[in-house]
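Here the structure is laid out as structure tokens; the discussion comes afterwards.
No lab work stands behind these numbers, since they all come straight from the coordinates. Fair warning: this is a prediction, and the values are worked out from it, not measured in the lab. Cβ placement follows ideal geometry from the backbone for every residue including glycine, while neighbour counts extend to all protein chains displayed.
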Amino acid sequence: MPVNKILTRLCTLAVMLCLLSTPALAQYTVSGRITDRIQGGVIGRADISLYDANQQLLTTTESDRYTGSFELSVRSRPSLLKVNVPGYQPRSITLTA
């Protein structure tokens, strides 16, 4: 195998390893359960949004209507979780590493 091909493959491998090690390509999962703090029962359905450090929306989903549980996976590290429940004030939770 010529030296050029070996060097090309090594460079390609090095670039791929660098890309895989960056946080932007890592998979982050946030899961939880929305509960009513006043009555202690499960609220039910809620809109869940994840934002990055620049307040840009990463993803939005709806929690399960019966248990209020949710799980979100994103490629960028989330820093803010916003919960919007019909009939309740929107809540924001800052996520820590």
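With a simple spin-label model that places each label point 7 Å from the Cα along the Cα-to-Cβ direction, the separation between THR61 and SER31 comes to 1.0 nm. With a simple spin-label model that places each label point 7 Å from the Cα along the Cα-to-Cβ direction, the separation between ARG77 and ALA53 comes to 0.6 nm.
Counting 0.36 nm for each residue step from ASN84 to SER69 and taking away their Cα separation leaves a gain of 4.0 nm.
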